[in-house]
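Novice: Right, I'll just put the structure down here and ask away after.
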Amino acid sequence: MAILVLGGAGYIGSHTVYELIRAGREVVVADNLLTGFRAAVHPKARFYQVDIRSREEMGALFDREHIDGVIHFAASSQVGESMTNPLKYYDNNLWGTTALLESMIAHDVKRIVFSSTAATYGEPERVPILESDRTEPTNCYGETKLAMEKEMRWTERAHGLRFVALRYFNACGAIPSGEIGEAHNPETHLIPLILQVPNGQREKISVFGDDYPTKDGTCIRDYIHVTDLAQAHILALDYLMQGGKSDVFNLGNGVGFTVREVIDVARKVTGHPIPAEICPRRAGDPAQLVASSEKAKQVLGWKPQYADLETIVASAWNWHRTHPHGFGDGRVK
Ligand code: UFG
């Protein structure tokens, strides 16, 4: 029996596949490669280039493979794009998940772990954020992820399918071995953008706002290493396999860092001065997002291994320094 990883050629998906294979699991990867990279897929995983929205392609995959559980990363995930092109998010994220759940029910596959996001909370009512706190997304990306969670709840009632939704805070870093790492086009995330400066690809980093109500005026985020996220998916799948009930878990380190602090850590790690320029605020950025992940620790037995920000940035630098153009033939796809 195999684990099916949808979106296993993307950033968090590919890292989860590496951890599953390291744990001796049999893995099938499905990805449409619109944003993922074939080169990011572990060579020991069986790969299918399919789109979860295609019932035909997914049906053929489920017919061919004996799938025991699904880990679902296949979604569009850019907050800014979700505001200018919301229907793409409803199509890919919500309709894609609907088609996937139909395929799963038709093939009697009843366990799914899926990537949700801190963006389901919107502007938090308090920090650290608990899973039971108000969910009021401020962008369409978060709205579709929250809708996916609700869709799974109703599907469970009708069809007995059990799920775990993992609400990530700021995923970052790269596998310590340096084989794979983060590659987006366009890149919008803070740490890879900062590291483009010492890599000679950017002159300075823009700081989006220094007038937030935080200790140095810049936004606070909870940065969590991608390998720690990957481990949480495996624990969540095992939890469901052992009969665990459907649930939602935050995944973060519970410690917030300002944008300025992240830049300072990157200066220390790379030995480069990394010039920074204060720019206007970016629309839709909450001032502060920090997770309480006590529930994941208690229920799933999750223990982040790379919690220290310097270690996280060093692992990202190890990847970007050696792969300045991401995957492939010298081109950031
Ligand atoms: N930032 C800058 N300059 C940049 C890029 C980012 O100052 O060039 C700031 C942002 O304003 C923000 C912080 O750095 O305050 C982190 O920004 P990221 O874009 O790296 O991450 P976000 O917190 O915006 O988004 C992340 C995930 C989303 C998820 C969201 C949940 O990437 O998928 O957290 O709020 F939805």
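The values are calculated or read from the model by the stated rules, or taken from the named source; none is laboratory data. Just so we're clear, the structure is a prediction, and the values are computed from it rather than from any experiment. Cβ coordinates were reconstructed from backbone atoms using ideal geometry, including for glycine residues, and neighbour counts include every protein chain displayed. For the accessible areas, the whole protein counts, side chains as well, though only heavy atoms, and no ligand, DNA or RNA atoms are used. Shrake-Rupley method; radii C 1.70, N 1.55, O 1.52, S 1.80 Å.
Novice: Filter region 260-272 down to the residues that are of a type in the set (V, I, T) and in contact with a Leu (Cβ under 8 Å, 6 or more places away or on another chain), then identify the one that is farthest from the ligand (Cβ to nearest atom).
Specialist: Among those that are of a type in the set (V, I, T) and in contact with a Leu (Cβ under 8 Å, 6 or more places away or on another chain), it is T270.
Novice: Taking the conditions exactly as written (out of contact with any Cys (no Cβ under 8 Å at 6 or more places or on another chain) and at pLDDT below 95), does E187 satisfy them or not?
Specialist: yes
Novice: Okay, moving on. Condition test on I263, is it of a type in the set (V, I, T) and within 15 Å of I312 (Cβ to Cβ)?
Specialist: It is true that I263 is of a type in the set (V, I, T) and within 15 Å of I312 (Cβ to Cβ).
Novice: Go through (1) away from the ligand (no atom under 15 Å from the Cβ); (2) in a loop (DSSP other than H, G, I, E, B); (3) of a type outside the set (S, T, N, Q) for D133 and report which single condition fails.
Specialist: It fails just one condition, (1).
Novice: Out of all the residues in region 97-114, is one or more over 15 Å from A30 (Cα atoms) and either modelled with pLDDT under 95 or among the basic types (K, R) (or both)?
Specialist: Yes, because at least one residue in region 97-114 is over 15 Å from A30 (Cα atoms) and either modelled with pLDDT under 95 or among the basic types (K, R) (or both).
Novice: Can you tell me which residues in region 118-130 are more than 10 Å from the ligand (Cβ to nearest atom) and touching a strand residue (DSSP E or B) at 6+ places or on another chain (Cβ under 7 Å)?
Specialist: Residues satisfying the conditions are V127, P128, I129.
Novice: Take the residues of region 116-130 that are outside any helix (DSSP H, G or I) and open to solvent by 10 Å² or more (accessible area, probe 1.4 Å): which is farthest from Y223 (Cα to Cα)?
Specialist: Looking at residues that are outside any helix (DSSP H, G or I) and open to solvent by 10 Å² or more (accessible area, probe 1.4 Å), I get E125.
Novice: Moving on. Would you mind stating whether Y141 is away from the ligand (no atom under 15 Å from the Cβ) and of a type in the set (S, T, Y)?
Specialist: no
Novice: Also: Looking at region 60-80 only, could you name the residues that are within 16 Å of the ligand (Cβ to nearest atom) and of a type in the set (G, A, S)?
Specialist: A74, A75, S76, S77, G80
Novice: For residues that are away from the ligand (no atom under 16 Å from the Cβ) and either touching a His at 6+ places or on another chain (Cβ under 9 Å) or open to solvent by less than 80 Å² (accessible area, probe 1.4 Å) (or both), tally how many sit in region 273-307.
Specialist: 11
Novice: Right, next: Here are some conditions: (1) under 25 Å from R126 (Cβ atoms); (2) free of Cβ contacts under 8 Å to residues at least 12 places away in the same chain. A283 meets all but one. Which one does it not meet?
Specialist: Going through the list (1) under 25 Å from R126 (Cβ atoms); (2) free of Cβ contacts under 8 Å to residues at least 12 places away in the same chain, A283 breaks only (2).
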